[in-house]
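The values are calculated or read from the model by the stated rules, or taken from the named source; none is laboratory data. These numbers come from a predicted model, not from an experiment. Cβ: placed from backbone, ideal geometry, glycine included. Neighbour counts: every protein chain shown.
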Amino acid sequence: MSETVKYLLDESRLPKFWYNIAADLPKPMDPPLHPGTGQPLGPDDLAPLFPMALIAQEVSTEREIEIPDPVREVYRLWRPSPLYRARNLEKALDTPAHIYYKYEGVSPSGSHKPNTAVAQAFYNAQEGVKKLSTETGAGQWGSSLAFASAHFGLEVLVYMVKVSYHQKPYRRVLMETYGAKCLASPTDTTNAGRAVLERDPDSPGSLGIAISEAVEVAATHDDTKYALGSVLNHVLLHQTVIGQEAMAQMEMAGEYPDVVIGCAGGGSNFAGLAFPFIGEGLRGGRKVRAVAVEPAACPTMTRGRYAYDFGDTEHLTPLVKMHTLGHTFMPPGFHAGGLRYHGMAPLVSHLVELGEVTPVAVHQNPSFEAGVTFARAEGIVPAPESTHAVRAAIDEALDAREKGEARVILFNLSGHGFLDLSAYEDYFAGRLEDRDYDPEALEEALKALPEIS
Ligand SMILES: *Cc1c(COP(=O)(O)O)cnc(C)c1O
């Protein structure tokens, strides 16, 4: 018999603040540096790109940052999101482990990304910005920002990685439905895009190139600012509503996780779930094992270097200290587009260095296999990115079975896969390759890291 165990929070329990882990770090972060001078950035350096409220959050060390009421009002459309105990998956795996998952696919765009998109759109609108420029890979971020901006009356210009623009037309249509304009990057509308096209007219694009284009547009237009969907401190901050809700829901379940798991592209959904739990441990409370799961084809944390690097290909973004494969690294194609980025959030990277976060890398076939097992047991089809977290959660449950351990596992199901069913089709047809990154290309890319003394 099938069993559904769901923990719902009343709307009154929607978090009133975001949790800032910078307040609890045993060692402070290395500062971001100016791309031209190599000197630490001041707030004025970022002012062309971001509204002041977000710049303040980027450098804040205050533990609790209040969520403005208009943001909570939009969150109420789908938050608090449900937490489930995966009883049917536990049975299918015949494991003594208890598996819980927080489901972020209930948002309008189907992933966790609106948690920050709504906040970013709000602060920009509040400071009189008229238009936002951004990049998107598979389209999850672009559609989330388009949704959020429609609420606050902002125009949105999205540079979408060209290969995805053609492969994933439905997310582009979703962006257009919310009123955004979407271009296939590299374009000839920016110096950055033209420079890439000159070098390689058939460039399939990359997130790094699309970021260059979007940043250039914001830097050269007074009424336009830039929005990033992951990596930055303020983005991770906004995602902590996930973990705070999950803490309350785990309490309802009468359990505390031994291990907390999230897939990691730029690190935001992982951080959103894990940081409130890690913070508890950093303040002397209960410790969890936090596992960040990256794709083996783009193994930023497990194979990259911890170093200062650019966020984009054209050297327009600040230099940040992070795990990186090098900003010139071109990951091989694979289906979890949202995980295909050369860098990792500086906060997540820092916590990996401190031993508070354990990175693991998994291939896409075993991830899709886990996604299918999950869908058949629990009913929800995970996004290709999320299947990486499902894989790690299932591996934990199987390890617990082996050891006869009643382990409590919590993972973030960051989104649903309804707009990625072609990836599942490829998986069923045996068309997915588990490609490894090219070690020589990685070595070359690491040589191109900027030298910081
Ligand atoms: C974008 C995306 C990710 C990866 O981004 P993070 O910043 O690492 O969370 C993961 N899952 C889904 C569903 C996404 O849309």
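Mind listing whichever residues of the range 34-77 are loosely packed, with under 15 Cβ neighbours inside 10 Å and without any contact (Cβ under 8 Å) to a residue 40 or more places away in the chain?
Answer for the range 34-77, where residues must be loosely packed, with under 15 Cβ neighbours inside 10 Å and without any contact (Cβ under 8 Å) to a residue 40 or more places away in the chain: Gly36, Thr37, Gln39, Pro40, Gly42, Pro43, Asp44, Ala47, Asp69, Glu73, Leu77.
Filter the range 302-332 for residues that are buried (at least 21 other Cβ atoms within 10 Å of the Cβ) and charged (D, E, K, R) and give the result.
Those that are buried (at least 21 other Cβ atoms within 10 Å of the Cβ) and charged (D, E, K, R): Asp309, Asp312, Glu314.
May I ask you to say which residue of Gly193, Gly128 is free of Cβ contacts under 8 Å to residues at least 40 places away in the same chain, more than 14 Å from the ligand (Cβ to nearest atom), over 19 Å from the mean Cα position of the chain (by Cα) and assigned to a loop (DSSP other than H, G, I, E, B)?
Sole residue among the options that is free of Cβ contacts under 8 Å to residues at least 40 places away in the same chain, more than 14 Å from the ligand (Cβ to nearest atom), over 19 Å from the mean Cα position of the chain (by Cα) and assigned to a loop (DSSP other than H, G, I, E, B): Gly128.
Between a first residue in the range 1-19 that is surrounded by 11 or more Cβ atoms within 10 Å (Cβ to Cβ) and a second residue that is among the aliphatic types (A, V, I, L, M) and not in a helix (DSSP H, G or I), which pairs have beta carbons less than 7 Å apart while being 6 or more apart in sequence or on different chains?
From the range 1-19, the pairs are Tyr7/Leu83; Pro15/Ile67; Lys16/Ile67; Phe17/Ile65; Phe17/Ile67; Trp18/Ile65; Trp18/Ile67.
Restricting to the range 409-453, name every residue that is small (Gly, Ala, Ser) and more than 16 Å from the ligand (Cβ to nearest atom).
Correct list: Ala429, Gly430, Ala441, Ala445, Ala448, Ser453.
For the range 93-109, which positions are over 16 Å from the mean Cα position of the chain (by Cα) and buried (at least 22 other Cβ atoms within 10 Å of the Cβ)?
Correct list: Thr95, Ala97, Ile99, Tyr100, Tyr101.
Among the candidates Tyr256, Tyr308, which residue alone is over 18 Å from the mean Cα position of the chain (by Cα) and part of a strand (DSSP E or B)?
That would be Tyr308, the only listed residue that is over 18 Å from the mean Cα position of the chain (by Cα) and part of a strand (DSSP E or B).
Could we say that Met301 is among the aliphatic types (A, V, I, L, M), within 14 Å of the ligand (Cβ to nearest atom) and touching a His at 6+ places or on another chain (Cβ under 6 Å) here?
Taking the combined requirement at face value, the residue satisfies it.
Tally time: how many residues in the range 138-189 are charged (D, E, K, R), touching a residue at least 40 places away in the same chain (Cβ under 8 Å) and in a loop (DSSP other than H, G, I, E, B)?
Residues that pass the stated criteria total 1.
Return only the number of the condition from (1) at pLDDT below 95; (2) on the phi < 0 side of the Ramachandran plot; (3) of a type outside the set (Asp, Glu) that Ala92 does not satisfy.
Ala92 satisfies every listed condition except (1).
Kindly provide the set of residues from the range 312-350 that are within 14 Å of the ligand (Cβ to nearest atom) and at pLDDT 95 or above, ordered by number.
Listed by number, the residues that qualify are Met322, His323, Met344, Ala345, Pro346, Leu347, Val348, Ser349.
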